[in-house]
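Report on the following structure.
The values are calculated or read from the model by the stated rules, or taken from the named source; none is laboratory data. These numbers come from a predicted model, not from an experiment. Cβ coordinates were reconstructed from backbone atoms using ideal geometry, including for glycine residues, and neighbour counts include every protein chain displayed. Keep in mind that these areas ignore ligands, DNA and RNA; they rest on the heavy atoms of the full protein, side chains included. Shrake-Rupley method; radii C 1.70, N 1.55, O 1.52, S 1.80 Å.
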Amino acid sequence: MAYDRKLLSAARRELERDREAHEDELEARRRDVYAREPRIRAIDRELSATAIQVLRAALEQGSDPEKAIASLRERNLGLQEERSRLLRGLGLPADWLTNRPMCEKCGDTGYEGAATCECVKRRYARLLKQQLSSVLPIEDQNFEKFNLSYYSPRIDPNMHDSPLENIKVNLFECKAYARNFGENSPNLLLYGSTGLGKTFLSTCVAEAVSARGFSVAYDTAINIIAAYETIKFGNGDGAAAAERAARYERADLLIIDDMGTEMGTAFTVSALYNLINNRLMAHRPMIVNTNLLPDELKKRYSPAVASRLLGEFKQLRFFGDDIRMLKSRMHNR
């Protein structure tokens with residue numbers, strides 16, 4: 001899994017803020033309890049001095065501090081018992097003032113040894129989803145909301161199948177892809193006419209994959225090319241374009257939408273080839289959506305680009321009536 005450094009840093013900052021808020025809450029509890037029962041404050045002060053007393057006893061007793069330490073331990077246990085009794089007398093649990101970490105695994109440090117703790121990974125996954133929701137309607141477009149009723153059960157004589165059965169297969173494939181997504185996942189080429197659910201299903205995959213903590217970069221082919229043009233020719237915000245390009249290249253999953261709508265220039269073809277080929281070489285999965293059929297892809301792009309799209313991607317064809325048009329007609333009835 002390739003972490004987005006900015007989001008990972010944000011997740012760690014969030015953990016730090018939560019830890020500080022947790023400590024502030026505990027301090028507020030202490031102030032309240034001390035005001036209601038001053039004896040508890042005195043007990044806490046004495047308990048906090050126990051370590052110093054043990055060290056002093058060890059130094060004073062030379063090589064055999066066991067008796068002094070045992071006496072201090074007995075005194076300590078007595079104070080703790082009195083403290084618990086006083087807290088219960090206030091109607092509070094005995095551990096009301098105990099500083100327990102939010103995460104038992106890492107003690108709120110964010111690390112389990114040298115590895116990133118699950119508590120940070122959960123925050124990271126949520127931030128990933130928030131980032132993705134800024135560019136994709138993942139709240140409205142997810143597998144649970146995919147509606148098969150828009151697809152006709154009638155057999156298409158040219159396809160020898162019905163749009164409904166076809167989309168069921170594509171839906172199954174995309175669900176399995178999202179469920180099993182990892183570093184060795186295949187690439188998907190979703191192709192067919194407009195309004196058939198290619199972008200919707202890609203969004204479903206993006207939502208499910210990001211929820212598992214994988215980084216997802218989504219953009220249209222036009223916007224991707226625009227970023228590389230800005231970097232190459234300096235005709236815009238270079239820093240922002242470089243940051244976008246880094247996401248395209250490093251994200252665990254890259255989704256290129258509307259491929260074939262970008263200008264067909266030599267630079268465009270070169271930029272797409274480099275992006276696709278570099279990700280293939282790095283084993284970073286991609287999903288490409290296009291309205292172009294395989295033969296049209298061969299005509300539109302160089303043999304190098306076409307061969308990668310048709311040879312290195314699992315192809316899912318979409319056919320049927322334009323769902324957007326169906327929805328529009330139903331809405332206007």
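Under 5 Å from the amide H of I255 lie the amide H atoms of A217, Y218, D219, I287, each residue being 5 or more positions distant or on a separate chain, with H modelled from the backbone and absent for Pro and chain starts.
Amide H contacts of E112: C117, each under 5 Å away and 5 or more positions distant or on a separate chain (H built 1.01 Å from N in the peptide plane; Pro and chain starts excluded). Remark on L136: its backbone amide H falls under 5 Å from none of the residues 5 or more positions apart or on other chains, H modelled at 1.01 Å from N.
Compared with the dominant principal axis of the Cα atoms in the chain, helix 66-89 is inclined by about 70°. Multiplying the residue separation of A266 and R85 by 0.36 nm and subtracting their alpha-carbon distance yields 57.1 nm. Database note for the chain: Cys without another Cys beta carbon under 4.7 angstrom, C174, C204. To the nearest 10, the accessible area of C106 is 10 Å² with a 1.4 Å probe. Computing semi-axes √(5λ) of the Cα gyration tensor in Å directly from the structure and comparing it against (1) 30, 22, 20; (2) 61, 24, 17; (3) 28, 24, 16 singles out (2).
Applying a threshold of 23 Å to the alpha-carbon distances of K121/K168; K198/K314; K168/K314 flags K121/K168 as lying beyond it.
Stretching the chain fully between F172 and R36 yields a gain of 42.8 nm (0.36 nm per residue, less the alpha carbon separation).
Axis of helix 118-133 versus longest Cα principal axis of the chain: the two differ by about 40°, to the nearest ten degrees. Relative to the dominant Cα principal axis of the chain, helix 198-211 is inclined by about 20°.
Would you kindly give the portion of the calculated P(r) for the stretch 80-199 that falls above 18 Å, as a percent of all Cα pairs? Summing the P(r) tail past 18 Å for the stretch 80-199 gives 73 percent.
Shown in residue order for the stretch 33-39 are the 3J(HN,Hα) couplings computed by the Karplus curve 6.51 cos²θ - 1.76 cosθ + 1.60 at θ = phi - 60°: 5, 5, 5, 7, 9, x, 4 Hz (x for Gly and Pro).
Residues considered: N278, N291, N99. Largest GNM mean-square fluctuation over the chain, using C-alpha springs under 10 Å, is found at N99. A Cβ-based charge dipole, computed about the Cα centre of the stretch 116-265 with Lys and Arg at +1 and Asp and Glu at -1, lands at about 540 debye. Note on the stretch 219-289: the alpha carbon radius of gyration divided by the globular reference 2.2 N^0.38 Å gives 1.02.
For the stretch 269-311 and the stretch 179-256, compute the distance between their C-alpha centroids and round to whole Å. Value for the Cα centre distance between the two parts: 13 Å. If you run the Gaussian network model on the chain, springs between alpha carbon atoms under 10 Å, then out of A226, A176, A70 the most flexible one is A70. The residues packed around R244, meaning those with a beta-carbon under 13 Å from its beta-carbon, carry a net charge of -3 if Lys and Arg are +1 and Asp and Glu are -1. For GluC sites (Glu not before Pro), the sites in the stretch 126-222 that DSSP calls loop and that have at most 11 other Cβ atoms within 10 Å are E139.
What the phi angles of the stretch 301-310 give under the Karplus curve with 6.51, -1.76 and 1.60, with θ = phi - 60°, is a coupling list of 10, 5, x, 5, 5, 4, 5, 6, 5, 8 Hz, glycine and proline written as x. Taking the Cβ of N142 as the centre, find all other residues whose Cβ is under 15 Å away and add up their charges (Lys, Arg: +1; Asp, Glu: -1). Neighbourhood net charge equals +1. Site pair T50 and M325 shows an inter-label distance of 7.9 nm when each label is modelled 7 Å from Cα along Cα→Cβ.
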